[in-house]
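Enquirer: One structure coming up, written as structure tokens, with questions to follow.
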Amino acid sequence: VVTSKEHKSCGQSRFGCWVCTVVKKDKSMTALIENGLTWLTPLLKVRNELVDERNLIENRLPQRRNGTDAINGMGTYTSKYRASVLKRVLAAQHTIQKTKPHLELITNQELVAIQTIWYRDLIFDYKVSEIYKEAYNLNLDMKDQNEKREKEVELLKKSCNDSEKDFNLIQDLLTLQKNKSLLNRKRGLKDDIENRIEEFLKKDK
């Protein structure tokens, strides 16, 4: 999500991603829908909602993902809002697949990655499998993974002797490694890990 007014789009339209929020109105997608590609309507609806909601303070935490205070209290999205966005994306995908059955907005692998990130962020109030079932009325079997993550967090806390700083550091390092693996993007992992450890050591001085 781009929030800076200094960012310029190409051709007074979006950069390319269907959820691009650089411009107030996505003229390209609107024109495509008006010219008959009505199956794009659910995408435009989700995109417009993201534009309207991105700067609402109630959708934001006061801290950034690295734990520092955010400008104007506009930090990372709350767990409730993150779950809400996922629900709407899956609902849009389900609607589109009625006419475009092979089209995916979000893959099963990415759903697993999202659940992993949520557990790393200690989000247990929302389950990807439950949101998926609500959208599709089908079960997404993630029971084994859910139990594994909960046990992992419990064991990690015990291993860190209830040290919040150590726990958060290891959580961050595990997140970096796991996310790269799940998304098949291991390039830059070593640098990311080194940067996170360096940041931790600076704060610990």
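Enquirer: Is there any pair linking a residue in the range 185-197 that is loosely packed, with under 14 Cβ neighbours inside 10 Å to one that is modelled with pLDDT under 75 and charged (D, E, K, R), with Cβ under 6 Å and at least six apart or on different chains, and which?
Expert: From the range 185-197, the pairs are K186/K180.
Enquirer: A follow-up question, please. Could you please give the count of residues in the range 24-59 that are more than 15 Å from T95 (Cβ to Cβ) and among the β-branched types (V, I, T)? Lay out the reasoning, then the answer.
Expert: Restricting attention to the range 24-59, the residues satisfying the condition of being more than 15 Å from T95 (Cβ to Cβ) are 24-32, 34-36, 48, 50-59.
Adding the requirement that they be among the β-branched types (V, I, T) leaves 30, 51, 57.
Number of matching residues: 3.
Enquirer: Looking only at residues that are surrounded by 12 or more Cβ atoms within 10 Å (Cβ to Cβ) and hydroxyl-bearing (S, T, Y) in the range 65-80, which one is nearest to L50 (Cα to Cα)?
Expert: Checking each candidate, the answer is Y77.
Enquirer: Go through the range 95-111 and report how many residues are over 11 Å from the mean Cα position of the chain (by Cα) and surrounded by 17 or more Cβ atoms within 10 Å (Cβ to Cβ).
Expert: 2
Enquirer: So, in the range 48-86, of the ones that are in contact with a Ser or Thr (Cβ under 7 Å, 6 or more places away or on another chain) and aliphatic (A, V, I, L, M), which residue ends up farthest from V128 (Cα to Cα)?
Expert: Across the range 48-86, the extreme among qualifying residues is V51.
Enquirer: Something else now. If you take the residues of the range 180-205 that are over 18 Å from G67 (Cβ atoms), part of a helix (DSSP H, G or I) and not charged (D, E, K, R), which of them is modelled with the highest pLDDT?
Expert: The extreme case among them is L189.
Enquirer: Also, quick follow-up: For the structure I just gave you, tell me whether Q115 is modelled with pLDDT of 80 or more and in a helix (DSSP H, G or I). Even if it seems obvious, please write down each step before you answer.
Expert: Values: modelled with pLDDT of 80 or more: yes; in a helix (DSSP H, G or I): yes.
Answer is yes for this residue.
Enquirer: Let me ask another. Return yes when I123 is under 24 Å from R60 (Cβ atoms), surrounded by 15 or more Cβ atoms within 10 Å (Cβ to Cβ), touching a helix residue (DSSP H, G or I) at 6+ places or on another chain (Cβ under 6 Å) and modelled with pLDDT of 85 or more and no when it is not. Full working, then the answer.
Expert: Working: under 24 Å from R60 (Cβ atoms): yes; surrounded by 15 or more Cβ atoms within 10 Å (Cβ to Cβ): yes; touching a helix residue (DSSP H, G or I) at 6+ places or on another chain (Cβ under 6 Å): yes; modelled with pLDDT of 85 or more: no.
Taking the combined requirement at face value, the residue does not satisfy it.
Enquirer: When you scan the range 140-155, do you find a residue that is touching a Ser or Thr at 6+ places or on another chain (Cβ under 6 Å), more than 23 Å from R54 (Cβ to Cβ) and modelled with pLDDT under 85, even just one? Give the steps one after another, and end with the answer.
Expert: We begin by selecting, within the range 140-155, every residue touching a Ser or Thr at 6+ places or on another chain (Cβ under 6 Å); these are 140, 142.
Pick out the ones that are also more than 23 Å from R54 (Cβ to Cβ) and you get 140, 142.
Restricting the remaining residues to those that are modelled with pLDDT under 85 gives 140, 142.
Within the range 140-155, one or more residues are touching a Ser or Thr at 6+ places or on another chain (Cβ under 6 Å), more than 23 Å from R54 (Cβ to Cβ) and modelled with pLDDT under 85.
The values are calculated or read from the model by the stated rules, or taken from the named source; none is laboratory data. As the structure is a prediction and not an experimental result, all values here were calculated from the model. Counting neighbours? That spans all protein chains shown, and the Cβs are built from the backbone with ideal geometry, glycine included.
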